[in-house]
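Contents: one structure, followed by commentary.
The values are calculated or read from the model by the stated rules, or taken from the named source; none is laboratory data. Being a predicted model, the structure only gives us computed values, none of them experimental. With ideal geometry, Cβ positions are generated from the backbone for all residues, glycine too; neighbour counts draw on all protein chains shown.
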Amino acid sequence: MLAVLDKALIDCAKVGYRFDDDPEIESQPVATIAAPVFDEAGRVALILGVHPGRALPLKEIRRIGNLVTEVAAGLNPDQR
């Protein structure tokens, strides 16, 4: 599951991150960085997310994504 979340984070990051190395490319705001929280049956019970609403450098998207993923994993029943 973490591999899937990592790939999704990278795919999402490509949409809204700030292109520091190429100012000609217009950046878009990052709307949501999210991770699933599972119930006891292994089904998605809710989605934990943050909504920056502004363009972010890829390093910041990854940092926030890792924090959201870590917190969501801590809320899963098998992690308590």
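Quick notes
- Looking across segment 49-72, the residues that are outside any loop (DSSP other than H, G, I, E, B) and farther than 21 Å from P36 by Cβ come down to R54, L56, L58, K59, E60.
- A41 vs. criteria modelled with pLDDT of 85 or more, outside any helix (DSSP H, G or I) and over 14 Å from the mean Cα position of the chain (by Cα): yes
- Of all residues in segment 47-80, those satisfying the criterion of being out of contact with any Lys or Arg (no Cβ under 7 Å at 6 or more places or on another chain), surrounded by 13 or more Cβ atoms within 10 Å (Cβ to Cβ) and among the hydrophobic types (A, V, I, L, M, F, W, C) are L48, V50, L58, I61, I64, L67, V68, V71, A72, A73, L75.
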